[in-house]
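What follows is one structure encoded as structure tokens, with my remarks underneath.
Read-outs throughout are calculated quantities, based only on the coordinates presented, and are distinct from any laboratory measurement. Everything quoted here is computed from the prediction, not taken from an experiment. Note that each Cβ is placed from the backbone with ideal geometry, even for glycine, and that neighbours are counted across all protein chains shown.
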Amino acid sequence: MTAPGVHYVGAGPGDPLLLTRRAARLLAEAEVVVVDRRSTDPVAALAPTGSERVYVGRTPDGPAWSTERIADLLARLAGQGRRVVRLKSGDLFVCSRAAEEIAALADRGVPVTATPGVSAATAAPLAAGMVPLPGTAVTIALGDDDPVAAPVRWEALATPGSTLVVLTGRAHQRRIARRLVAAGAGPSTPAAVVHAAWRRGTQVAVTDLAGVGTARLQPPATMVIGPLRGGDGAHP
């Protein structure tokens, strides 16, 4: 039986079949599941009937909870002797606030365990029927493009022959593409936008860098830019 406390679990891209066995066991024994958004509901549903579920991500009614507020909640639940799973999309430490939350819990004296998940950075290209060409570099970037909190030097990422995977960049697709082209990336560089990789309703738009801005798929969406093998849009 899982010990009481806070257990961080990477939910992967949202398909419960892609969870690790450890992640599935932690969820099956959870008393509380703390999640960011409802897109992880199929994974959170592995928790027992009657377990509590708390949403702390951004909603149409308000912003996401702060790291400090989430840490306060998790510390309180752990202090009650409950088995808590903190479920995060993708992998815990790829473009995620998990590290900040864990540090905040450490400041409160709350021990945690961490179980990795499959990142959209690798799941999205496969869902699109694509793989990076052998021998190329693969760079993962957070696409929020916040010039204050997380500035990204897109010009430094326009490397010929490499593959760039942009997570959470749906709202900035056109601007990111313009900056990459201005930095020297060819407008005809192959690109794809993948919506909801490995979930029911996966959609793939195969295009090039010049056309990325016209691929208006709904979030969550991952951009894959660079030399790729495949690209026929064959997804599960």
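Among residues of the range 93-112 being part of a loop (DSSP other than H, G, I, E, B) and of a type in the set (A, V, I, L, M), the one that is surrounded by the fewest Cβ atoms within 10 Å (Cβ to Cβ) is V110.
When the range 172-224 is filtered for residues that are of a type in the set (V, I, T) and surrounded by 15 or more Cβ atoms within 10 Å (Cβ to Cβ), the ones remaining, listed by number, are I176, V181, T189, V193, V194, T202, V204, V206, T207, V212, T222, V224. Within the range 52-71, being farther than 24 Å from E29 by Cβ, of a type outside the set (G, A, S) and either outside any strand (DSSP E or B) or touching a residue at least 60 places away in the same chain (Cβ under 8 Å) (or both) holds for R58, P60, D61, P63, W65, T67, E68, R69.
Checked against (1) in contact (Cβ under 8 Å) with a residue 24 or more places away in the chain; (2) in a helix (DSSP H, G or I), L46 passes all but condition (2). Those residues that are crowded, with 18+ Cβ neighbours inside 10 Å and more than 18 Å from the chain's Cα centre (by Cα), I need them from the range 8-49; list them, please. Answer for the range 8-49, where residues must be crowded, with 18+ Cβ neighbours inside 10 Å and more than 18 Å from the chain's Cα centre (by Cα): L26, L27, A30, E31, V32, L46, A47.
State the number of residues belonging to the range 50-66 that are exposed (fewer than 15 other Cβ atoms within 10 Å of the Cβ) and over 15 Å from V32 (Cβ atoms). Summing the residues that are exposed (fewer than 15 other Cβ atoms within 10 Å of the Cβ) and over 15 Å from V32 (Cβ atoms) in the range 50-66 gives 7.
When the range 96-130 is filtered for residues that are within 30 Å of T207 (Cβ to Cβ) and in contact with a helix residue (DSSP H, G or I) (Cβ under 8 Å, 6 or more places away or on another chain), the ones remaining, listed by number, are G117, V118, A123.
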